[in-house]
Amino acid sequence: MATLDAKIPKGPIAEKWTNHKNNINLVSPANKRLIDVIVVGTGLAGGSAAATLAELGYNVKAFCFQDSARRAHSIAAQGGINAAKNYQGDGDSVHRLFYDTVKGGDYRSREANVHRLAEVSTNIIDQCVAQGVPFARDYGGLLDNRSFGGVLVSRTFYAKGQTGQQLLLGAYSAMNRQIGRGKIKMYSRHEMLDLVKVDGKARGIITRNLVTGEIERHAAHAVVIASGGYGNLFYLSTNAMGSNVTAGWKIHKQGAHFANPCFTQIHPTCIPVSGDHQSKLTLMSESLRNDGRIWVPKKKEDAAAIREGRLKPTDLSEEDRDYYLERRYPAFGNLVPRDVASRAAKERCDEGYGVNKTGEAVFLDFAAAIERYGKEKAHVKGLDENDTALVQKLGKEVVKAKYGNLFQMYEKIVDQNPYETPMMIYPAVHYTMGGVWVDYNLMTSVPGCFAIGEANFSDHGANRLGASALMQGLADGYFVLPYTIGDYLADDIRTGSISTASPEFEEAEQRVRAQIDAFINNKGTKTVDYFHRKLGKIIWNKCGMSRNEKGLKEAMAEVKALREEFYKDVFVPGTADSFNEPLAKALRVADFLELGELFAKDALVRTESCGGHFREESQTPEGEALRDDDNFTFVSAWEYKGEPGDAKLHKEALNYENIELKTRSYK
Ligand SMILES: Cc1cc2nc3c(=O)[nH]c(=O)nc-3n(C[C@H](O)[C@H](O)[C@H](O)COP(=O)(O)OP(=O)(O)OC[C@H]3O[C@@H](n4cnc5c(N)ncnc54)[C@H](O)[C@@H]3O)c2cc1C
């Protein structure tokens, strides 16, 4: 077992980033013009990085597989973005955000990175406001905040239920300005299919034009991977349908360690699965837990009656309801972190209290909020607070103003009116804390190859707090990578432009062509989706919300067998040199089929429970996750060795000098 050095600067935590920035090797403006940088992915992380790198003077080539950068998965983000501005005067601070994030991640994240994240969080808001992002404002015109899980302050900035969309439009506009200036060359509908290394350094990528099928070579002095998360490993997730692991996995195969692959976030408030026909799950933003109360019936017979349609949830009296989060976690109540809320919902449903036909749903109820807001509004307007109809009308108006688009989305999908009856929700795969291992400079273990945003193993440890992914993506893209990349590129100012005519580019291109030809010529009998769906079922059932040794060993064997079957029997219609979605999907699923095995292996090795990783063998008598700090206070970083099951484990020790390791409690 090897140990890894993340190259964390020395010194007090609050000074590390500033001192490091002051000591970073700089590239002069004139020399930046001689340097090319490839950015794979133009979501919030990649879009902000591309725009900033170009603004600094580098020549940027940016790639995305969508038809437009503004359709990246980031656009789906609903709830908000955290920042330690303390606008509410409720005691927030950089330290508190740092502390909450380390604690929320169950003490499995790197202190130095999280502190830097908390520090730059405030700059992000200023940057986005300057770009014109329309954050919600209070009646006085100041920026408004709301609360997200795992914290006791209001630090989440939001734009209705469309925060990701508005932030992405900001980054996209900044990118477009640079495209207009000729500093960014944008390649949409291009998928990166391999990394090219020359003399051990990342020097380019191989892409496929998804419209024409053309295979292209692109060279640069550094490559930045900002390709998002791999939640679609589970087939069903809240991620965009196209989200995949290919860019991250391909660099892994070229030497980039893959960290904590098993750390997955299962979000508690999603619309429940309705059947086998489904290919996508929908998130109901965590912001709804600000006002929605989560409950199931207290009695099993009532739950059964609701499931069978003999009883309506609104008919059940208060005494017959179990607000189980408020009961179990009085301090944080409905705003406990996601891992805790998800497990609690599963526990109730496993015990037989689920409320939909499949028994896998709990209620998220706004009746109390509607009444509370309605009364307040009536009071403010000097109207009759005892007029039920009026209070209901006014309360619904307030709720609509806060969450209207989410309620509308729910009604369109479920065909029930959530103003009149509680929503039904259940946990679903949402985010991956694992990803490509990076050092403090966000560089992977391949020199010159960087990873940012959800694609890296991130600052969130074993569980991400709500509204922290956008914060991390934009911190990486606007404020961290643009500086740290200079430290590496300073050595490259005399290199000159990188040629794509080298044997290394030829070899990488041939690897890609061979894989594509193999799929087209395979002529098997089963669709790519058949395999993806089967993979998702294995991973969800055996590596999902709770895991055990037996299931994980089975998962490793089953994924390996499925991968072998895939290569024997997959059918990919069409040709290589045309628009061919099944081919694009086959290339992505091939990588998921390798990642799946490593995922199970990672979960198997980590015999403790922490955050989103719940090992049944390691729990307290109350059923809470039981960490094992003596043996597992490290990041697992896996080195590719051929078969995923043969990957070699490297450990990055996590040293907590500023925050005391404690059992996480939200009671
Ligand atoms: C429904 C939903 C709601 C969310 N709400 C919130 C929220 O309120 N607050 C919060 O903080 N977080 C939220 N998140 C999480 C957050 O949205 C994501 O973590 C974040 O947007 C990821 O940004 P990214 O830039 O890293 O990746 P993405 O936005 O996923 O962008 C990935 C980019 O990489 C490109 N790409 C990928 N592979 C390749 C390849 N091989 N070749 C070329 N291009 C490639 C894609 O085209 C895309 O441009 C939410 C997530 C979901 C699913």
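One residue stands out among those in the stretch 150-181 that are part of a loop (DSSP other than H, G, I, E, B), out of contact with any Phe, Trp or Tyr (no Cβ under 9 Å at 6 or more places or on another chain) and over 17 Å from Q88 (Cα atoms): the one that is least open to solvent (accessible area, probe 1.4 Å), which is Q162.
Suppose we keep only residues that are charged (D, E, K, R) and surrounded by fewer than 18 Cβ atoms within 10 Å (Cβ to Cβ) within the stretch 244-297. Which one would you say is nearest to the ligand (Cβ to nearest atom)? Filtering first and then ranking leaves K280.
Can you confirm whether R96 is open to solvent by less than 10 Å² (accessible area, probe 1.4 Å) and more than 14 Å from the ligand (Cβ to nearest atom)? So R96 fails the test. In this structure, is K197 more than 20 Å from the chain's Cα centre (by Cα), in a strand (DSSP E or B) and surrounded by fewer than 18 Cβ atoms within 10 Å (Cβ to Cβ)? No, not satisfied. Annotation: Q88 fulfils all but one of (1) open to solvent by less than 40 Å² (accessible area, probe 1.4 Å); (2) closer than 24 Å to I659 by Cβ; the unmet one is (1). Residue under question is I425, and the condition is that it be open to solvent by 10 Å² or more (accessible area, probe 1.4 Å), out of contact with any His (no Cβ under 8 Å at 6 or more places or on another chain), of a type in the set (A, V, I, L, M, F, W, C) and within 15 Å of the ligand (Cβ to nearest atom); does it hold? So I425 does not fit the description; no.
Inside the stretch 353-375, residues that are part of a helix (DSSP H, G or I) and either in contact with a strand residue (DSSP E or B) (Cβ under 6 Å, 6 or more places away or on another chain) or open to solvent by 20 Å² or more (accessible area, probe 1.4 Å) (or both) make up a count of 7. Taking every residue in the stretch 183-194 that is on the phi > 0 side of the Ramachandran plot and pairing it with any residue that is assigned to a strand (DSSP E or B), at least 6 positions away or on another chain, the pairs with Cβ-Cβ distances below 7 Å are R189/N209. Selection over the stretch 318-352 of residues that are over 19 Å from Q265 (Cβ atoms) and either open to solvent by 30 Å² or more (accessible area, probe 1.4 Å) or of a type outside the set (G, A, S) (or both) gives a count of 15.
Take the stretch 444-471 and flag every residue that is at positive phi and either outside any loop (DSSP other than H, G, I, E, B) or within 12 Å of the ligand (Cβ to nearest atom) (or both).
Initially, the stretch 444-471 is screened for residues at positive phi, giving 448, 453, 458, 461, 467.
Matches in the stretch 444-471: G453, S458, A467.
Quick check: anything in the stretch 142-149 touching a helix residue (DSSP H, G or I) at 6+ places or on another chain (Cβ under 6 Å), in a helix (DSSP H, G or I) and within 12 Å of the ligand (Cβ to nearest atom)? Within the stretch 142-149 (the criterion being touching a helix residue (DSSP H, G or I) at 6+ places or on another chain (Cβ under 6 Å), in a helix (DSSP H, G or I) and within 12 Å of the ligand (Cβ to nearest atom)), the answer is no, since none of the residues qualifies. Of all residues in the stretch 273-301, those that are closer than 19 Å to Y324 by Cα have Cβ atoms under 7 Å from Cβ atoms of residues that are assigned to a strand (DSSP E or B) and aromatic (F, W, Y), 6 or more apart or on another chain, in I294/F363; W295/F363; V296/F363. Can you find a residue that is of a type in the set (D, E, K, R), modelled with pLDDT under 95 and either out of contact with any Cys (no Cβ under 6 Å at 6 or more places or on another chain) or open to solvent by 10 Å² or more (accessible area, probe 1.4 Å) (or both) anywhere in the stretch 117-132? Taking every residue of the stretch 117-132 in turn, none turns out to be of a type in the set (D, E, K, R), modelled with pLDDT under 95 and either out of contact with any Cys (no Cβ under 6 Å at 6 or more places or on another chain) or open to solvent by 10 Å² or more (accessible area, probe 1.4 Å) (or both). Scanning the stretch 212-240 for residues that are surrounded by 24 or more Cβ atoms within 10 Å (Cβ to Cβ), on the phi > 0 side of the Ramachandran plot and more than 7 Å from the ligand (Cβ to nearest atom) gives a single hit, Y235.
Of the residues in the stretch 200-211, how many are within 13 Å of the ligand (Cβ to nearest atom) and either crowded, with 23+ Cβ neighbours inside 10 Å or closer than 18 Å to L442 by Cα (or both)? Even if it seems obvious, please write down each step before you answer.
Initially, the stretch 200-211 is screened for residues within 13 Å of the ligand (Cβ to nearest atom), giving 205-210.
Next, from what is left, pick out any that are either crowded, with 23+ Cβ neighbours inside 10 Å or closer than 18 Å to L442 by Cα (or both): 205-208.
So the count comes out to 4.
I'd like the residue in the stretch 376-398 that is among the β-branched types (V, I, T) and surrounded by 16 or more Cβ atoms within 10 Å (Cβ to Cβ) and, out of all such residues, is nearest to R547 (Cα to Cα). First the steps, then the outcome.
Filtering the stretch 376-398 for residues among the β-branched types (V, I, T) gives 380, 388, 391, 398.
Filter once more, keeping what is surrounded by 16 or more Cβ atoms within 10 Å (Cβ to Cβ): 391, 398.
Working: V391: 47, V398: 41 Å.
My answer is V398.
Remark: G524 falls outside the filter, which requires a residue to be free of Cβ contacts under 8 Å to residues at least 60 places away in the same chain, under 30 Å from C349 (Cβ atoms) and in contact with a Lys or Arg (Cβ under 7 Å, 6 or more places away or on another chain).
The values are calculated or read from the model by the stated rules, or taken from the named source; none is laboratory data. In this text, all values refer to a predicted model and were calculated from it rather than measured experimentally. Every residue, glycine among them, receives a Cβ derived from its backbone with ideal geometry; neighbour counts consider all protein chains shown. Heads up: the accessible areas ignore ligands, DNA and RNA and are worked out on the full protein's heavy atoms, side chains in. Shrake-Rupley method; radii C 1.70, N 1.55, O 1.52, S 1.80 Å.
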